[in-house]
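Derivation of every value follows stated rules applied to the coordinates shown; laboratory data play no part. Note that the structure is predicted; figures quoted are calculated from it, not measured. Methodologically, a virtual Cβ is constructed for each residue, glycine included, from the backbone with ideal geometry; neighbour enumeration extends over all protein chains shown.
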Amino acid sequence: MDFSHYTDQPVELATDLVNTLSTDGDDPLASLDGLRRFLEPYAGLWEEASLPPGDADLDPVRRLRASLREVFSAPEPDAAARLLNQILAENVAIPRISTHGGASHLHFEPLEPSFAQWLAVVTAMGLTTVLCDHGRRRFELTAIGRLDAARSLRASTFDVILLDLGLPDSDGLASLRGVRRLLPGLPIVIVTVDDEVGLAL
């Protein structure tokens with residue numbers, strides 16, 4: 001779900017936060033140190049708010065992660081909008097206009113700020129902007145299990161392809177060549193359990 005051409009830090013922060021969800025039981029947000037390590041790339045964003053994360057923020061941040069995951073999984077734009085509105089309402093987001101760099105900006109901030117509330121408002125507003133500017137399709141994740149099914153995807157728009165080299169109807173580099181032929185120009189991330197050195201690109 002990484003939208004490679006978005007440079008908006010709140011959107012990147014929201015996608016990275018959702019991508020910390022793990023099924024292997026190793027949660028990078030299990031401790032305050034883990035949360036701080038996760039936030040390092042965004043230090044300029046949250047330090048500007050003067051709200052350092054604390055132990056009390058861990059559970060609310062993990063709940064926020066689950067709520068944002070629901071936004072990404074919402075079946076339609078209206079459902080995603082309702083979920084984002086709910087996050088903003090729960091964190092009592094209030095608008096504020098500020099001027100910096102010569103331009104006016106609209107910000108939303110929690111009424112009684114804590115780090116977790118600030119994070120909720122910032123990420124929800126980032127995703128709200130994407131939803132308003134691009135519609136719900138920006139949040140879609142499509143999975144196919146066979147290379148021949150990729151033909152049906154040509155009319156769709158995607159940011160990235162996550163490719164397993166061991167598809168049932170194609171194998172190894174033939175899978176890569178087939179996807180490149182069907183969907184040229186898209187970045188491809190390859191995932192494989194094959195440790196053959198000859199497959200390394």
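Relative protection proxy for 11-20, 82-91, from highest mean packing down: 11-20, 82-91 (other beta-carbon atoms within 10 angstrom). Here the gap between GLU40 and ARG82, fully extended at 0.36 nm per residue and compared with their Cα-Cα distance, gives a gain of 12.1 nm. One decimal place: the segment SER98-ASP8 gains 30.6 nm when fully extended, by the rule 0.36 nm per residue minus the C-alpha distance. Placing dummy labels 7 Å off each Cα toward the beta-carbon, the span from ASP133 to GLU70 is 2.6 nm. Using the Cβ-Cβ distance between SER114 and ASP26 with R0 set to 22 Å, the FRET efficiency works out to roughly 0.25.
Were the residues from ASP59 through HIS105 laid out at 0.36 nm apart, the gain over their Cα-Cα distance would be 13.5 nm. When peptides 92-98, 34-40 are sorted by average Cβ neighbour count within 10 Å, with the highest value leading, the order is 34-40, 92-98.
Here each label is just a point 7 Å from Cα along the line to Cβ, and for LEU182 and SER50 those points are 5.5 nm apart.
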